[in-house]
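Read-outs throughout are calculated quantities, based only on the coordinates presented, and are distinct from any laboratory measurement. From a predicted model like this one, the values you see are computed outputs, not experimental measurements. Cβ placement follows ideal geometry from the backbone for every residue including glycine, while neighbour counts extend to all protein chains displayed.
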Amino acid sequence: MVRHKILLALLIGLLLSSPQVRASEQAAFLSDGFLESLHKIARTKQVNIIVNAPDKAMPDFKKSREVDILIKETAQAGDSVASKVGNTWLIISRSRYAEISNKALTLLRTSHQPIEVALENATGFPPAGISVFPIASANIAVLSGYTEGLNAAEEEFYTNLKPVRPVVVTLGLDQKDRHDAISLSFKTFTGTTSQLEVNMPEMERLKANLTVSETLDGNFQLTVICSELRNESGKPVSASSEFRTGRHVAQKFTLDSQTGSREIEWRAELMAGENPQPAPDTWPKPSQELQSQAAANFDAPFDRMKMVIKQLPVNEAFAKVIASEEGNLVCDNACTGTVSLFCYGQKLYFEELLNLIAKSQKLSVRKIGNSWHISPPAKVTDTFDFSNSITRRLQFANAKETAITLQKWLQTNTYDNTITADQIVNAVVISGNATRMGNIKKLLTELDVPPTLLDVNAAVQSNQISWSEQFTTPSGRLCQRISSNQTASTSLELMPVVFATDGSSGLNYKFAYSSSECSISLSGWTPIARADETPVLLLGNGSPISLRISAEAASDQLLEPTGNDDEDSAAPKSDDAFESSF
């Protein structure tokens, strides 16, 4: 009987130590898999890595010697995304990354051309997963998306940025039963579209979109689209024509529609004194940028730490970290999933490590006394009474206009924050998700900057009306001028925009003129010079019309911002009750 009991005990021991059981234990952490590869990098390169990704077999790939690039390459091979927070790397599986990550933003700027024009000429931009929101008044565009795709989209934009140049376009419009043509000239930028409508007794009404572009060999191409006219196929009438630079003879083309044909002559030339634009700044190669960062990371000595956690439930990982400081932990049941820690780099304060683990899982940490409460961000908001609202007074921007711009941008990114304007104190109130406040405040800072004050000279001259005015207006603001008499009326809307620090500027305008003899309207972008010689618009016929606009920086400018903190930030904060959301 005793012999049978001994044999039974031996059998149970063999079963518990069988290869099948050991294999299942090791399955979560393969000896040559993704997690072990990251573990080796952390140990040999002495860095901190926090991983929210499953283990998997690794494909063969060429490994870089630079540690930052190596970590990114390894993460990519493991179908994960690597991002650096301070001196710690967060590795998150690609499927989980899209689920938990907050969108970031970056700003695109252009010199010597409108940002809207640059975006229109950027074929295939933005890439999938990235949204773009142009703000013409500030000549910036907001790119929103996840960091990995955002950096690539930004580099793509600047690499493929096409230069534009100011040109004067002259059109010859045919007249009924006459051999001569009405001459119309206007200033614009290459790559931009102008909307033209001309209605005169001597000619058929013309309403068209005109786009002038520069070809690779330096010639100009004019594309005309008449949306109200239809060709034999029932589609809008359109035509393109190329004008060779340096020619003095106008190029002719024909618009064929269901109602007949009309011939248009045209030519284009660069504005006098136009110089080639400087080439866009070259983006640093990722390898160069990361190499310099890597060198900076390891030059200075620092205290190192050693903590290795392999595929541990996240609530247990929190418990291990807090236990080292003899603190208390309250972890919500919704805190699920596993985490791996390979910390061999610069020593992290335990609270910093706690927040980094929470960030890898999109959890929130709130400290009360010696206790840490960890839960999803939504539950933190529901459980604790604190305000996710800030009020920012504006020094230069108009609160109502700024709030409208921010709200439109939020709608393109499905943000659940709200923006309202307090026009009494010229402030905007931002409420909602605290994790997105940083992006909103960053954009708000870019909008509340001192504009350039411009002294503008505008004049309209015809047989029926003569109007001129000198006024000062800030860049980026829309202004309107209207003049009329018994025989004619004219209206002008304009928004001057300063493109670069060297003072180059452009004008977004809408001009309309109406009299008993004719009516004409033209809108689009035009360059403005400090001393204008060429009219923005010149219509030459029996009743000539000219529009002239010139502008230069005013002698008195607004002061630089003095710094404007959130009003809510002035409230006292308790040392034993703070919240940090990721």
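As a proxy for reagent exposure, E446, E265 were ordered by neighbouring Cβ count within 10 angstrom, fewest first; the result is E446, E265. Among K347, K252, K362, sorting on how many other beta-carbon atoms sit within 10 Å of each Cβ, with the fewest leading, yields K252, K347, K362.
By the Kirkwood approach, averaging reciprocal distances over each pair of separate Cα atoms, region 440-479 gets a hydrodynamic radius of 12.7 Å. Shown in residue order for region 361-366 are the 3J(HN,Hα) couplings computed by the Karplus curve 6.51 cos²θ - 1.76 cosθ + 1.60 at θ = phi - 60°: 10, 6, 10, 10, 10, 10 Hz (x for Gly and Pro). Per-residue 3J(HN,Hα) values for region 352-359, derived from phi via the Karplus relation 6.51 cos²θ - 1.76 cosθ + 1.60 with θ = phi - 60°, read 5, 4, 4, 5, 5, 4, 4, 5 Hz in sequence order (x marks Gly and Pro).
The fewest-to-most ranking of D332, D416, D55, D60 by surrounding Cβ atoms within 10 Å reads D60, D416, D332, D55. Distance from the alpha carbon centroid of region 208-227 to that of region 402-468 works out to 32 angstrom. Across the cross-link table entries K45/K84; K40/K306; K408/K442; K45/K347; K45/K306; K40/K359, which are compared at the Cα atoms, the separations over 19 Å belong to K40/K359.
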